[in-house]
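> One structure follows; several queries about it will come next.
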């Protein structure tokens with residue numbers, strides 16, 4: 001029986017001819033997560049979720065196979081998924097690129113989701129602010145927020 005295989009860290013996932021998405025552990029045990037109606041063309045892992053492409057539909061699932069979200073909007077087969085600056089994109093044979101969510105803005109709660117270079121830029125701004133070489137009234141919360149957004153927009 002033919003399988004297409006993807007790996008995420010120590011876990012393998014496969015799709016067989018019956019269109020079952022199967023999760024395998026390192027002991028060779030397996031569990032059927034999702035029974036797909038059509039073929040699985042792509043499988044991508046992002047931020048702890050699985051993105052499954054089946055023709056012109058994207059399914060976002062948990063690692064346990066629970067469908068969280070469906071993305072529909074293409075009229076041709078989806079060929080690629082991309083994440084850039086916190087936004088999620090897909091491109092398809094219909095010659096469209098769709099952006100599914102807005103670009104991510106920096107907040108304290110999203111700080112860890114940015115690349116190391118952005119986090120280090122924000123840390124540098126804070127270190128400069130702490131030196132005392134500039135008058136304290138310059139470093140208002142609004143000014144710091146603006147500087148952090150500028151750092152985050154560069155990636």
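What follows is calculated from the coordinates using simple rules that are stated; it is not laboratory data. As the structure is a computational prediction, the values presented were derived from the model and not from experiment. Quick reminder, even Gly has a Cβ in these numbers, built from the backbone with ideal geometry, and neighbours come from all protein chains shown.
> List 109, 91, 39 from most exposed to least, where exposure is judged by having the fewest other Cβ atoms within 10 Å.
Listing 109, 91, 39 from fewest to most nearby Cβ atoms yields 109, 39, 91.
> If neighbour count is taken as other Cβ atoms inside 10 Å, put 106, 84 in order from fewest to most.
84, 106
> Please give the length that would be gained between residue 68 and residue 110 if that part of the chain were fully extended, namely 0.36 nm times their separation in residues minus their C-alpha to C-alpha distance (nm, one decimal).
So the extension gain works out to 13.1 nm.
> Name the residue, out of 140, 77, 107, whose mean-square fluctuation peaks in a Gaussian network model built on the chain with Cα pairs under 10 Å.
Among 140, 77, 107, the largest mean-square fluctuation in the Gaussian network model of the chain belongs to 140.
> Still on this model: Relative to the first principal axis of the alpha-carbon coordinates of the chain, what is the inclination of helix 116-130, with its axis defined by its Cα atoms, in degrees from 0 to 90 and to the nearest 10?
20 degrees
> Angle between the Cα long axis of helix 141-153 and the longest principal axis of the chain, 0 to 90 degrees, nearest 10?
That works out to roughly 40 degrees.
> According to a simple spin-label model (label point 7 Å from Cα along Cα-to-Cβ), what is the distance in nm between residue 87 and residue 100?
1.5 nm
> In addition: Counting each DSSP H run of 4 or more residues in the chain as -39500 (n - 2.57), what helix-only mean residue ellipticity at 222 nm follows after dividing by all residues, to the nearest 500 deg cm²/dmol?
Theoretical 222 nm ellipticity from helices: -6000 deg cm²/dmol.
> Give me 53, 118, 32, 125 sorted ascending by neighbouring Cβ count inside 10 Å, so fewest comes first. Write down the numbers at each step before the final one.
On the way: 53 23, 118 19, 32 12, 125 16.
Placing the least packed residue first, the sequence is 32, 125, 118, 53.
> Roughly how many Å is it from the Cα centre of segment 22-101 to that of segment 108-122, as a whole number?
Cα centres, segment 22-101 to segment 108-122: 26 Å.
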